[in-house]
Amino acid sequence: MQTEAGNPVRQTPAAQVTVRRKPFWQPVLRPAQQRRLPHDLHPLRAYKTAKTFDQGLSGPAYENLIRRIDQAPFHRDTVATPFFDGRSAFNAMLEAINGASQEILVEAYVLRDDDTGRDFLAALESAVGRGVEVKVLADAFGSSSTRKDFWALLKRSGSHIRLFRKPRYAPLGLMPVLDHRKLLIVDRRLAFTGGMNIADEYRHGRPGELAWRDTHVMLQGGVVWELVIIFSESWLAAGGDPLHCDGLNPEQGNGVRTLVLDARPGRGHSEVFASYAATLGGVRKNLWITNAYFAPGWRMIRMLKATARRGVDVRLMLPGKSDIPIIRTATQSYYAECLRAGIRIFEYQPSVLHAKTLVADGQVAIIGSTNFDFRSFNFNAECNVLMHDAGIAAQLEEAFRQDMEQACEITRAEWQQQPWWRRLLAWMARRMVFLM
């Protein structure tokens, strides 16, 4: 027997009780808090496993491995639009805010009280006036230069505001654990994430410099539901009220296949690293990485070099200019061993490079906030989206080619001619990156 809505019912002596199907995906964090990654999924083992895949990244074995590592679903109805400059990204974000009717969720590492920040402030104030619920979460360290009167104006507008601060369990001697995520979610139907903070340097540049080069992505589909859950985690940790989120029924469609790779202290860091490792292991032709702060540990360097020695075209797009010079100096300490292994290195010249992307074999693209450094892979709250889609991968490859036209390639012979004191400074800076 069925109800008029088509729901099956079962007969009981007392009454008819409707049996409702539970949603396939429950609104819980994936991977689970304090989960211990199984031994066979540890990064180096995931790398070796993916090396054996007959179809590399294009077959189902790769997706199955990533799902096992991260315990998360691939959303198959995603509509994704990458942005490779701040002006177009912020125009789309402000347009989305201005069209909001129910809820706006903002999570930012840096929220400045400059022209860009004030544009967002005005748009959020207008949204509150329309009856939209607005929640804003900023990292207290990343936004430390933002003046108190800006927060007061934001609060006075009717927005709910929280600042993420250093947890008690942060390792002694290190900088605070940071909320490094960048999220904007509008009406739970549209989301933005990537590397861009809310600040002038990403949109039109600060006085005397060009706009920073960065990558962001706009998302629609079931993946937005998962990003709401991730925002809720940060919001609760900062003292906010719980966000209600229903389960999600299985998705239909032939959109971009998307999986969220996120992490926070005590959850997800091993899984994010292992997912990157599996991608390196599965790649067969080309692996192009753009990263603002490149200072990884020995395991990542070992896998990158092994990938290049397998004949894969491995390229690194790194900053020629950086807002943190000592990190760039530390990055250069990796040049000699990477170049010996056959990795090509490019330094982007026009402006500060802040993007964090990976594209592999024209099949897999990752856009997010994770740097290839100790802090991102071990401590910070981060958010990335892995997209298993040839169309998105092609867009990232084209952006990489355009960046190469504005970059200087560092050759092995050129680097060997650097003065000894410069290489010594790079060596010393490398020993300090774990304290930054």
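In region 305-326, the residues that are more than 22 Å from L424 (Cα to Cα) form Cβ pairs under 6 Å with partners that are among the hydroxyl-bearing types (S, T, Y) and not in a strand (DSSP E or B), at six or more places apart or across chains, as follows: V314/T307. Filtering region 359-371 down to residues that are assigned to a strand (DSSP E or B) and out of contact with any helix residue (DSSP H, G or I) (no Cβ under 7 Å at 6 or more places or on another chain), which residue is surrounded by the fewest Cβ atoms within 10 Å (Cβ to Cβ)? Restricting to residues being assigned to a strand (DSSP E or B) and out of contact with any helix residue (DSSP H, G or I) (no Cβ under 7 Å at 6 or more places or on another chain), the top hit is I366. Within region 153-186, if we keep just the residues that are within 17 Å of S376 (Cα to Cα) and not in a loop (DSSP other than H, G, I, E, B), the residue that is modelled with the lowest pLDDT turns out to be F164.
Here Q418 fulfils each of the conditions (1) in a helix (DSSP H, G or I); (2) open to solvent by 20 Å² or more (accessible area, probe 1.4 Å); (3) more than 15 Å from P82 (Cα to Cα); (4) not hydrophobic (A, V, I, L, M, F, W, C) apart from (1).
Would you tally the residues in region 304-332 being part of a helix (DSSP H, G or I), within 21 Å of the chain's Cα centre (by Cα) and closer than 23 Å to V364 by Cα?
Taking region 304-332 as the starting set, the residues that turn out to be part of a helix (DSSP H, G or I) are 304-309, 325-332.
Among the residues that remain, those that are also within 21 Å of the chain's Cα centre (by Cα) are: 304, 327-328, 331.
From the residues that got through so far, the ones that are closer than 23 Å to V364 by Cα too are 304.
The number of residues fulfilling the criteria is 1.
Considering T279, T193, the condition of being open to solvent by less than 10 Å² (accessible area, probe 1.4 Å), in a strand (DSSP E or B) and closer than 27 Å to A390 by Cβ is satisfied by T193 alone.
Each row is one residue, and each column tells you yes or no for (1) in a strand (DSSP E or B); (2) out of contact with any Gly (no Cβ under 7 Å at 6 or more places or on another chain); (3) farther than 17 Å from D361 by Cβ.
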| residue | (1), (2), (3) |
| --- | --- |
| A32 | no, yes, yes |
| L37 | no, yes, yes |
| Y47 | no, no, no |
| A50 | no, no, no |
| Q55 | no, yes, no |
| E63 | no, yes, no |
| R68 | no, yes, yes |
| A72 | no, yes, yes |
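Looking at A127, A100, just one residue is in contact with a helix residue (DSSP H, G or I) (Cβ under 8 Å, 6 or more places away or on another chain), in contact (Cβ under 8 Å) with a residue 12 or more places away in the chain and outside any loop (DSSP other than H, G, I, E, B), and that residue is A127.
Considering only residues that are closer than 19 Å to A211 by Cβ and not small (G, A, S), which ones fall in region 113-129? Full working, then the answer.
First pass over region 113-129, keeping only residues closer than 19 Å to A211 by Cβ: 113-120.
Matches in region 113-129: D113, D114, D115, T116, R118, D119, F120.
When residues in region 306-358 are screened for being crowded, with 20+ Cβ neighbours inside 10 Å, among the aliphatic types (A, V, I, L, M) and at pLDDT below 95, 2 of them pass. Residues in region 208-223 that are surrounded by fewer than 19 Cβ atoms within 10 Å (Cβ to Cβ) and touching a strand residue (DSSP E or B) at 6+ places or on another chain (Cβ under 9 Å): Q220 alone. In region 26-44, the residue that is nearest to A278 (Cα to Cα) out of those that are surrounded by fewer than 17 Cβ atoms within 10 Å (Cβ to Cβ) and of a type in the set (D, E, K, R) is D40.
The values are calculated or read from the model by the stated rules, or taken from the named source; none is laboratory data. Because the structure is predicted, anything quoted here is derived from the model rather than measured. Glycine gets a Cβ as well: all are built from the backbone with ideal geometry, and neighbour counts include every protein chain shown. For the accessible areas, the whole protein counts, side chains as well, though only heavy atoms, and no ligand, DNA or RNA atoms are used. Shrake-Rupley method; radii C 1.70, N 1.55, O 1.52, S 1.80 Å.
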